[in-house]
Amino acid sequence: MKGRPANRLNGMAPAAGLSAGKRFLHGRIRTGLIRSRNSFVPAIQMTVCAVGAYAFAEYVLGHSGPLFAATSSLIALGFSREPRLRRVMEVGLGCTLGIVVGDLLLHWLGGDIWVAAVVLLFSILLARFLDSGSIFTTQLALQSLLVVLLPAPAGGPFTRSIDAVVGGLCALLVTILMPKDPRREPRRDVQKLLHELAEVLRECAGGLVNSDSTQAWHALIRGRNCQPLVDTMRQSLRASGEVATLAPAYRRHRDELDRLKQSLDFIDLALRNSRVFARRLTSAINHAALSDEATDSIAEVLQETAAAIDELSLGLAESHDGVRRAHMRTARRDLSEIALRLHPKLLEVQRLEGETVVMLFRPLMVDLLEATGMDADEARDVLPAL
């Protein structure tokens, strides 16, 4: 009888592990299906581009087995967020220089296997010297290595370089003829970024109400982790700017992309100021520098600011102009009303360290008001005089 509970527990362990495995597998399948569904249109573009480049090089230019026309188009048109024009240039220049380097070293050193190692090492170091792009390095090194290892094509060594240029041009043609909406990724990115900023302020408010400096410190860490999101959005804006410039159907959206870029600059500044604010708030909580009244007032300001940031997020990510302007007006009005209260006396702050907390929040509010489209002088004038 005494052994039954242990046996029952031993039997439950495999069942729990099996259940966890099923949940993990179900989650992986669901994530994979969503990713595949979202990639369906780009996959069609890549397929058409690669096959079209190969067919053009083979049937029009008369090249035999123009594999690099297909591969270069896939690389230039791939899923990377980097601007496609840069990728096309990296692919074309990398292929051309790689073939030149491979041919020269092959002529001087011969075709032994150790020559391939020398060619590859020299090509990688040369690529890193010329450019920091990883695609450029890969293409230059790959082409120079293949020149040594593979026999020259019937059309001469630079046939592969021409194939690479054909693939890059096909990628540009597909970008122009079958473009994606250049606003989609920046809108999604700005929503993620503003969500994180709002959560930073909410965690600061929670740490303040609970007198928990650790929670405020976690808000600081969360704010620091937002920098990759800023860099990602800058990349997507550069890529989207190229699409809007190349594709006639989306040139009318260049003004909106410019506005998103300007807003991103102010959001980046707001994130930086939020980190400074969270660090000072952590110290104020540790030293009990705020009275109960001041704690409640500042926490309320933080919560209301987070809600206004959510409204700003809706405005920047909205596709319909009328709805977007309505959200932006609401966000600007709410932030302005909050800014009018950012004075130590109005927030019942008495000690110097508490006053510093309020003073550090004021620049963050100016950044947010500018992100809504308000002029810098007007945004500063909203703040109460000290």
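Read-outs throughout are calculated quantities, based only on the coordinates presented, and are distinct from any laboratory measurement. Everything quoted here is computed from the prediction, not taken from an experiment. Every residue, glycine as well, gets a Cβ built from its backbone with ideal geometry; the counts of neighbours run over all protein chains shown.
With charges only on Cβ, +1 for K and R and -1 for D and E, what is the dipole size of the stretch 184-382 about its Cα centre, in debye, rounded to 20?
Numbers: 28 positive and 33 negative charges, 145 e Å.
That gives the stretch 184-382 a dipole magnitude of about 700 debye.
Nearest 500 deg cm²/dmol is fine: what mean residue ellipticity at 222 nm does the chain get from its DSSP H runs of n ≥ 4 alone, each adding -39,500 (n - 2.57), divided by its residue count?
Helix contribution divided over all residues of the chain: -27500 deg cm²/dmol.
Order these by the 10 Å Cβ neighbour count, fewest first: 44, 309. Before the final figure, lay out each step's value.
Numbers: 44 12, 309 27.
Final ranking by Cβ density, sparse to dense: 44, 309.
Send over the semi-axes of the stretch 184-382's equivalent ellipsoid, whole angstrom and largest first, taken as the square roots of 5 times the C-alpha gyration tensor eigenvalues.
They are 33, 17, 12 Å, listed from largest to smallest.
Which one, 151, 66, 228, has the greatest fluctuation when you compute a Gaussian network model over the chain with C-alpha springs under 10 angstrom?
151
Assuming R0 = 22 Å, can you tell me the calculated FRET efficiency for the pair residue 341 and residue 209, based on Cβ-Cβ distance, to the nearest 0.05?
Numbers: r = 18 Å, r/R0 = 0.81.
So, using R0 = 22 Å, E works out to roughly 0.80.
Which residue, 317, 154, 216, tops the fluctuation ranking in a GNM of the chain built on C-alpha contacts under 10 Å?
In this elastic network of the chain, the residue with the biggest mean-square fluctuation among 317, 154, 216 is 154.
Starting from the Cα of residue 385, step 7 Å along the direction of its Cβ; do the same at residue 29; then give the gap between the two resulting points in nm.
It is 6.9 nm.
Could you work out how much longer the chain between residue 181 and residue 38 gets when fully extended? Use 0.36 nm per residue separation minus the Cα distance between them, nm to one decimal.
On the way: separation 143, 0.36 × 143 = 51.48 nm, distance 1.33 nm.
Taking 0.36 nm per residue and subtracting the Cα distance, the gain is 50.2 nm.
Counting Lys and Arg as +1 and Asp and Glu as -1, what is the net charge of the other residues whose Cβ lies under 12 Å from the Cβ of residue 326? Before the final figure, lay out each step's value.
Values: positive: 324, 325, 329, 332, 333; negative: 311, 318, 321.
Summing Lys/Arg as +1 and Asp/Glu as -1 gives +2.
Quickly work out the residue 58-to-residue 192 label distance, labels modelled 7 Å from Cα along the C-beta direction, and quote it in nm with one decimal.
Label-label distance for residue 192 and residue 58, simple model: 3.8 nm.
So how far apart, in nm, are the two label points at residue 22 and residue 352 if each is 7 Å from Cα heading toward Cβ?
So the two model labels end up 6.5 nm from each other.
Among 342, 150, 313, whose Cα lies farthest out toward the positive end of the dipole of the chain, if unit charges sit on the beta carbon of Lys, Arg (+1) and Asp, Glu (-1)?
It is 150.
Expressed as a whole number of Å, what is the distance separating the alpha-carbon centroids of the stretch 201-245 and the stretch 162-195?
Going from one Cα centre to the other spans 25 Å.
Computed over the Cα atoms, what is the radius of gyration of the chain divided by 2.2 N^0.38 Å, N being its residue count?
On the way: Rg = 28.6 Å, N = 386, 2.2 N^0.38 = 21.2 Å.
That ratio works out to 1.35.
May I ask for the distance between the Cα centers of the stretch 286-313 and the stretch 97-123, given as a whole number of Å?
Answer, in whole Å: 64.
Under 19 Å from a label point 7 Å along Cα→Cβ of residue 378: give me every residue in the stretch 254-282 with its amide N that close.
So the set is 256, 258-267.
Just rank 245, 71, fewest to most, by other beta-carbon atoms within 10 angstrom. All intermediate terms of the calculation are to be shown ahead of the outcome.
Details: 245 15, 71 20.
The order, fewest Cβ neighbours first, is 245, 71.
Where the centroid of each part is defined by its Cα atoms, how far is the stretch 314-376 from the stretch 258-281 in Å?
Taking the Cα centre of each part, the stretch 314-376 and the stretch 258-281 sit 12 Å apart.
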